[in-house]
Amino acid sequence: MLGRFGTGYVYSSRFATQDEATEEFCALWGLDPREQPLNHIRFRGGRNRRAWVRNCVSIGLSSCFLEPLEPTGIYFITAALHQLAKHFPDRRFDPALIDSFNREIETMFDDSRDFLQAHYTLAPRNDTAFWRACKDLELADDIKHKIAAYRTGLRFSGLDQLPDHPLPSMAFRPEASQGAEAVFAQIKEKQATLLKELPTTYEHLRELHGR
């Protein structure tokens, strides 16, 4: 329906009760929590050990789920359908096709999980108990290896994290770092312009919804 949109409030029960989350959510939209019907949904992240077993293939939420703040749900569905079409069997259900499909789904999920763990763990925020607790997350081995590789100078992710030292090969390519300085300066200049000219997310949403 044109003009209709959905909204939700994602919270951890370690840091807020259901009543507290309800009160804050309703206050945001000017609703009365005593009269507004709300759908409370519990979820658990994770994936099946095998997405394809014999002649059954799990797709989407029947296969894996991370968390509702990142747009992974639609990606997991379309990526799994792509891999299913790529590995589609005949009546022999060749185990090699099934194993290959399962490895692709594992990699898809685990890479996405690593991205989320990096986002929450390495983010500079520490202004709430939730964000402080994120610094103590038990990281998966894959993301530990990626962070270690980044600290040697290999490309990974920013989030205010700096490598311990430049990649050794960069010592033989001084022109690369010299050229990068101009690019970084342009990015900083553009960033300053956008911060000055664009509205905040809060201002944009208020204008968008006429509130």
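The values are calculated or read from the model by the stated rules, or taken from the named source; none is laboratory data. Only a predicted model underlies this, so the values are computations on that prediction, with no experimental measurement involved. Please note: Cβ atoms are built from the backbone with ideal geometry, for glycine as well, and neighbour counts cover all protein chains shown.
In the set (1) closer than 30 Å to Leu139 by Cα; (2) assigned by TED's automatic domain parsing to the domain that holds Phe130; (3) of a type in the set (Asp, Glu), the condition left unmet by Asp94 is number (1). Scanning the stretch 16-45 for residues that are assigned to a loop (DSSP other than H, G, I, E, B) and either under 18 Å from His209 (Cβ atoms) or hydrophobic (A, V, I, L, M, F, W, C) (or both) turns up Ala16, Gly30, Leu31, Gln36, Leu38, Ile41, Phe43.
With respect to the conditions (1) farther than 21 Å from Lys86 by Cβ; (2) modelled with pLDDT under 90, Thr22 falls short on a single one, namely (2). The residues on offer are Phe76, Phe43, and the sole one that is in contact with a Pro (Cβ under 9 Å, 6 or more places away or on another chain) and closer than 26 Å to Lys144 by Cα is Phe43. Counting only helices (runs of 4 or more DSSP H) wholly contained in the stretch 111-204, the ones carrying 1 or more residues that are small (Gly, Ala, Ser) and either closer than 26 Å to Ala79 by Cβ or modelled with pLDDT under 85 (or both) occupy 141-151, 174-197. Of Leu97, Leu84, all but one fail to be touching a residue at least 12 places away in the same chain (Cβ under 8 Å) and more than 30 Å from Arg132 (Cα to Cα); the exception is Leu84.
Table: residues versus (1) surrounded by 11 or more Cβ atoms within 10 Å (Cβ to Cβ); (2) outside the structural domain of Ala79 (by TED's automatic domain parsing); (3) in contact with a helix residue (DSSP H, G or I) (Cβ under 9 Å, 6 or more places away or on another chain).
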position	(1), (2), (3)
Ser112	yes, no, yes
Asp127	no, no, no
Pro166	yes, yes, yes
Glu189	no, yes, no
Lys196	no, yes, no
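Does the stretch 101-116 contain at least one residue that is touching a residue at least 12 places away in the same chain (Cβ under 8 Å) and among the small types (Gly, Ala, Ser)? Yes, that holds for at least one residue.
Checking Arg91 against (1) surrounded by fewer than 17 Cβ atoms within 10 Å (Cβ to Cβ); (2) in contact (Cβ under 8 Å) with a residue 24 or more places away in the chain; (3) of a type in the set (D, E, K, R): exactly one of these is not met. Which one? All conditions are met except number (2).
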